[in-house]
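Notes to accompany the following structure.
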Amino acid sequence: MMKRFLFLGPLFFFFLSQAQLPEDALRLSYTNPSGTAREQAIGGAMGSLGGDISSNFVNPAGLGFYKTSEFLLSPALGFSRTKSAYLSQNETGPGKNHFILGTSGLVLGKATAPDKSTAFSFAINRSADFNGHVRYSGKNDYSSAAEAYAEEYAYSGLSIDDALTQPGISLSYGTRMALYTYLVDTATIGGITQVIAQPQKVLAEGGQLYQLNDIRTSGGITELAFGFASSTRDKWYLGASVGIPIVNYQRDQQYTETDLSGNTNNDFNSYTYRESYSSKGAGVNIKLGAIFRPNASWRFGLALHSPTLYSLTDRADATLFSDAEGYHHPDSTTSAIMDNNSGGGNSLRYDLSSPWHFLVSGSYVFGTGADATSRQGFITGDIEYITNKSPRFSLPSDYNGYYTSSDNSYYDGLNST
């Protein structure tokens, strides 16, 4: 069972936008321990052992140990439960259980001579699992998430009409929806015109806001791999595999703020923000590996995983409902309405390259007889280095000149983090 523990101090809030974030690269760079039962039993340290179909995804040279064919299925169940803490209120999530297909596929191995062999393999693996459910709530007498909308609009210098109708503006959908529904508006306080979010009026009078955030994620990365390996004198094993990871990530969020004061004349009752975000696409990578077995007991392995070159499409849709009591009748809007007003779009295609992976491994096998039953166990270990600073975002090169170099420079700051 996988348990996730979260401490949510300040309220975090997703804003609908077209921008990529470092978390997008990290989400595709980190993989879960998965694979066959044998691989999972040893924590994935398969870099030098070989003889397992999961070698396609760790060190393809390990396929060279096959001298016969094998078909394998690795079904599994995933269990997750989340505990959260927000404003001194603890919650345990309802949990999410789901079916997972671990490393499965076919290996065609053949001995070409007494001490030589070749192997071809096709395998499929769930290399990342995005299924999860986070829920937290609390009573807040200090701040509202809507203040972020008010602050963004205040710094824009735009009039409300321009913010809602001017094409090409840089305001987020969330801020423009807040303006449209009067969740955010201008007010004259002490003779000074200010931008204010309606929930701030509740806080200014000493009231409390009940805040509830519910986030559900689903999907994963399913990788297809085609591998080849050969062995020479049962000492040298060389292999390569081509991987095709298929990405499907979905996040659905609902955030609600409600006035707890009981005052029906303070210009705010509640608002609810819903967002649906998806990221889908596919990539390609190459894995190269070698294993040296100087004798029947010792094995040493090296492996190199190239960056995965992804082509991805992100899409985000949102709705906002606001009840400002007597200030304005309840109103709602969607990102699609905002998009029609601005002439923009709520989906974006882009390219992403993941980090390099370097793997060094070693194993010692107890029992060296030709009969497999004489082997009594092994000690194995892997050391992996991941260049987490190397992921890069870029706009696709096949848009027939639609994007310019200045458009692509948008990612310069992100790529330097």
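The values are calculated or read from the model by the stated rules, or taken from the named source; none is laboratory data. All values derive from a computational prediction rather than experimental measurement. All Cβ positions, glycine included, derive from the backbone under ideal geometry; neighbour counts span all protein chains shown. Quick note on the areas: whole protein, heavy atoms, side chains included, nothing else; ligands and nucleic acids left out. Shrake-Rupley method; radii C 1.70, N 1.55, O 1.52, S 1.80 Å.
For Lys201, a cut-off of 23 angstrom between C-alpha atoms picks up these lysines, skipping any fewer than 8 places away in its own chain: Lys139.
The mean sequence separation of alpha-carbon pairs under 8 Å and at least six residues apart, normalised by the residue count of region 135-235, gives a relative contact order of 39 percent.
Between Leu73 and Ala37, residue separation times 0.36 nm minus the direct Cα-Cα distance comes to 12.0 nm. Note on Leu304 and Ser276: with the Förster distance fixed at 30 Å, the Cβ-Cβ geometry gives a FRET efficiency of about 0.20.
Applying both filters, DSSP loop and at most 11 other Cβ atoms within 10 Å, to the chymotrypsin sites (Phe, Trp or Tyr not before Pro) of region 141-220 gives Tyr142. Here the accessible area is traced with a 1.4 Å probe on the protein chains. For region 29-111, carbon and sulfur cover 58 percent of it. In a fully extended conformation the segment linking Phe226 and Val284 would gain 19.7 nm over its present Cα-Cα distance, using 0.36 nm per residue.
The Gln89 and Ser261 beta-carbon pair, evaluated with R₀ = 22 Å, returns a calculated FRET efficiency of approximately 0.75.
Put one equal scatterer on each alpha carbon of region 233-314, apply the Debye formula with no solvent term, and list log10 I(q)/I(0) at q = 0.22, 0.24 1/Å to two decimals. Rounded to two decimals, the profile gives -1.00, -1.07.
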